[in-house]
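First comes the structure, then the notes that go with it.
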Amino acid sequence: MATAGKIAAVGVIGAGQMGSGIAQLAAAAGCAVLLLDSDPAALSRAVASISASLRRLVAKGQLYQAACEDSIKRIRCVSRVQELGDVDLVIEAIVEVEDVKKKLFVELDGITKPSAILASNTSSISITRLASATKRPSQVIGMHFFNPPPIMKLIEIIRGADTSEDVFSAVKSFSERIGKTVICSQDYPGFIVNRILMPMINEAFWALYTGVATKEDIDTGMKLGTNHPMGPLQLADFIGLDVCLSVLRVLHNGLGDNKYSPCPLLVQYVDAGRLGKKRGVGVYSYGQRSTTSIKPKSSL
Ligand SMILES: NC(=O)c1ccc[n+]([C@@H]2O[C@H](COP(=O)([O-])OP(=O)(O)OC[C@H]3O[C@@H](n4cnc5c(N)ncnc54)[C@H](O)[C@@H]3O)[C@@H](O)[C@H]2O)c1
């Protein structure tokens, strides 16, 4: 079994916004990192963004130039899962689709060494169900990073129904080694943070939808009234409205309580492709697309 001290080689699968940040953290902590993505362009973008991010740390005096160059050299991009046979820990950060993740876990189970730990960065999918697709459920665990991983201090660790104590300890120590504070959740929908955050975001959408207040006043209210760094509607735009909707659906289906039922305005924004900052438009406009096509009920 891999222990944190022995986690020397890490495979990161998915080189998008989360996977690239996770690869950066592991490389900066001294691990050899194999970064895999099915899309070669995503790998090129990831390498460029990791290099830029590490160089920014050098410019700010937070990292030595030599350490920056060494970290970059520790990351090797690969294109086949078979190349991950020798890693101690795999962190999966691919698309949030259960069947696609399960298929990958089956493949990983077949090619990684018996002691390897398989972790998922899923925001909402059951770790127990991913684990049950493998023959090593005691070595499957959730490592939920936050966006952007190099900046956000938290990792939520999720134990599946059969995750072993040794694997939990190894992953907790590894998370601390890469500079994170760990919280531990049982494997229930939304884990801890999204279970609490998403109903608040949904309620902000209901307030907007039913005309309680403008989006600006809802966000200013929560910023200044509860000392949040940004309002819930702006935060939803940063997370991605599609991601918020998908987590709410997991909460609604998994917990069976209508209080998690997504607000129709959120559903409509997603249907219209207003996915938030990444698309240039969500609740707010970020200057790349018109927002005039959809208005909340209050202003119709
Ligand atoms: N974005 C967030 O704020 C956030 C926060 C925490 C967790 N997550 C979770 O992290 C995961 C990744 O999210 P993201 O925002 O980085 O997504 P993303 O779309 O930026 O990146 C996903 C990458 O995975 C690649 N990919 C898809 N299927 C693949 C496969 N079968 N094999 C190899 N590569 C594959 C894609 O090409 C893409 O580059 C999701 O499970 C998501 O729920 C996201």
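The values are calculated or read from the model by the stated rules, or taken from the named source; none is laboratory data. Everything numeric in this text was worked out from a predicted model, so none of it was measured. Glycine also receives a Cβ, built like all others from the backbone with ideal geometry; neighbour counts cover every protein chain displayed. When the accessible area is computed, the model is the full protein with side chains, heavy atoms only, and any ligands, DNA or RNA have been set aside. Shrake-Rupley method; radii C 1.70, N 1.55, O 1.52, S 1.80 Å.
Quick look at the numbers
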| read-out | value |
| --- | --- |
| Longest segment of the chain lacking trypsin sites (Lys or Arg not before Pro) that sit in a DSSP loop with at most 15 other Cβ atoms within 10 Å | 154-288 |
| The chain, relative contact order [Cα under 8 Å, separation at least 6], % | 14 percent |
| Whole-number accessible area per residue in Å² for the chain, which is evaluated in the context of all protein chains at 1.4 Å | 46 Å² |
| Dipole axis of region 144-198 (+1 Lys, Arg; -1 Asp, Glu on Cβ), positive-most option in Pro148, Ser169, Gln186 | Pro148 |
| For Cys77, solvent-accessible area (1.4 Å; no DNA, RNA or ligand), Å² | 60 Å² |
| Expected 222 nm ellipticity per residue - DSSP helices of 4 or more, -39500 (n - 2.57), all of the chain, to 500 | -14000 deg cm²/dmol |
| Charged-residue dipole, Cβ positions (Lys, Arg, Asp, Glu), the chain about Cα centre, Debye nearest 20 | 540 debye |
| Region 111-178, relative contact order in percent, only Cα pairs under 8 angstrom and at least six apart counted | 29 percent |
| Carbon + sulfur, % of accessible area of region 127-281 - ligands and nucleic acids excluded, 1.4 Å | 54 percent |
